[in-house]
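The values are calculated or read from the model by the stated rules, or taken from the named source; none is laboratory data. Worth saying up front: this structure is predicted, and the values here are computed from it rather than measured. Neighbour counts are summed over all protein chains in view; Cβ atoms, including those assigned to glycine, are modelled from backbone coordinates with ideal geometry.
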Amino acid sequence: MGVKYAILGLLHFGDMHGYRIKELLKRDFGHMWTVNFGQIYPALREMQEAGLVTMARVEQENAPDRKLYSITTQGRAEFKDWLNREPERNPTIRDPFLLRFTFFGFGDTARSLELIDEQIKMYEEQLDVRRSHLPRRTRGSAHARLLADLGVGLNETMLDWLRRAKKELANETACVNAKANQPARAAGGKRRR
């Protein structure tokens, strides 16, 4: 999903400044799309040049002016066209941790378990935030509520998987360590001393 369409979609709800757009992208799309926040302001500038959004400066007392962005008729038309197009057919989960997890067998097991613990903590915190937003989502459209439910479900699924992975890897490590600490047996089944 392009940052452009996420911004155009958010501007359907009302005029927003860049920081608010950034907050909403992180809060509302973080579970399904990695947002590169460095793309937001250049995208806004490009959309303004293309006539998809307008920008008005809002003076603030004792602070720099804010840039308030609004969607134009042309922006609404382009957004509607995007909504009606066939969606991308290459759904992927792009999580750097999962790539690293693939190769944990080549590294230090204790450190791998620590990294899993860090992921568990992060997903627990994220789940708390998502659950705290659910009451607000139930007052909105069915689309927003369903998407919020998906975010909670994905968090819960990832937490279940991380906990299971940690338990299995810890058990496997314990078995390997136990075997390594057993005295070697001599031929004939007797233990060497």
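Quick check on F101: is it surrounded by 15 or more Cβ atoms within 10 Å (Cβ to Cβ), outside any loop (DSSP other than H, G, I, E, B) and assigned by TED's automatic domain parsing to the domain that holds C175?
Criteria met by F101.
Here are some residues: G9, G75. Which one is modelled with pLDDT of 95 or more and surrounded by 12 or more Cβ atoms within 10 Å (Cβ to Cβ)?
So the residue among G9, G75 that is modelled with pLDDT of 95 or more and surrounded by 12 or more Cβ atoms within 10 Å (Cβ to Cβ) is G75.
Are any residues in segment 104-134 among the basic types (K, R) and outside any helix (DSSP H, G or I), and if so, which ones?
None; the set is empty.
Take segment 74-97 and flag every residue that is out of contact with any helix residue (DSSP H, G or I) (no Cβ under 6 Å at 6 or more places or on another chain) and not in a loop (DSSP other than H, G, I, E, B).
Hits for segment 74-97 are Q74, R76, A77, E78, K80, D81, L83, N84, P96.
If I ask for residues that are within 18 Å of the chain's Cα centre (by Cα) and more than 23 Å from G9 (Cα to Cα), which ones from segment 133-171 would you list?
If the condition is that a residue be within 18 Å of the chain's Cα centre (by Cα) and more than 23 Å from G9 (Cα to Cα), then G153, N155, E156, T157, M158, L159, D160, W161, L162 are the ones that fit.
Could you check, for segment 86-96, whether at least one of its residues is in contact with a strand residue (DSSP E or B) (Cβ under 6 Å, 6 or more places away or on another chain) and more than 30 Å from L162 (Cβ to Cβ)?
The answer is no; no qualifying residue exists.
Within segment 49-73, can you find the residues that are over 13 Å from L11 (Cα atoms) and in a helix (DSSP H, G or I)?
Selection gives E49 alone.
Pick from L159, L150: which is outside the structural domain of L11 (by TED's automatic domain parsing), surrounded by 13 or more Cβ atoms within 10 Å (Cβ to Cβ), modelled with pLDDT of 90 or more and part of a helix (DSSP H, G or I)?
Step by step, each of L159, L150 is checked, and only L159 is outside the structural domain of L11 (by TED's automatic domain parsing), surrounded by 13 or more Cβ atoms within 10 Å (Cβ to Cβ), modelled with pLDDT of 90 or more and part of a helix (DSSP H, G or I).
Between V176, V129, which is in contact with a helix residue (DSSP H, G or I) (Cβ under 9 Å, 6 or more places away or on another chain), farther than 18 Å from K26 by Cβ and modelled with pLDDT under 90?
Exactly one of V176, V129 is in contact with a helix residue (DSSP H, G or I) (Cβ under 9 Å, 6 or more places away or on another chain), farther than 18 Å from K26 by Cβ and modelled with pLDDT under 90, namely V176.
At pLDDT 85 or above and β-branched (V, I, T) - does that describe any residue in segment 112-122?
So far as segment 112-122 goes, yes, one or more of its residues are at pLDDT 85 or above and β-branched (V, I, T).
Please count how many residues of segment 137-173 are among the basic types (K, R) and under 16 Å from F29 (Cβ atoms).
Matching residues across segment 137-173 total 2.
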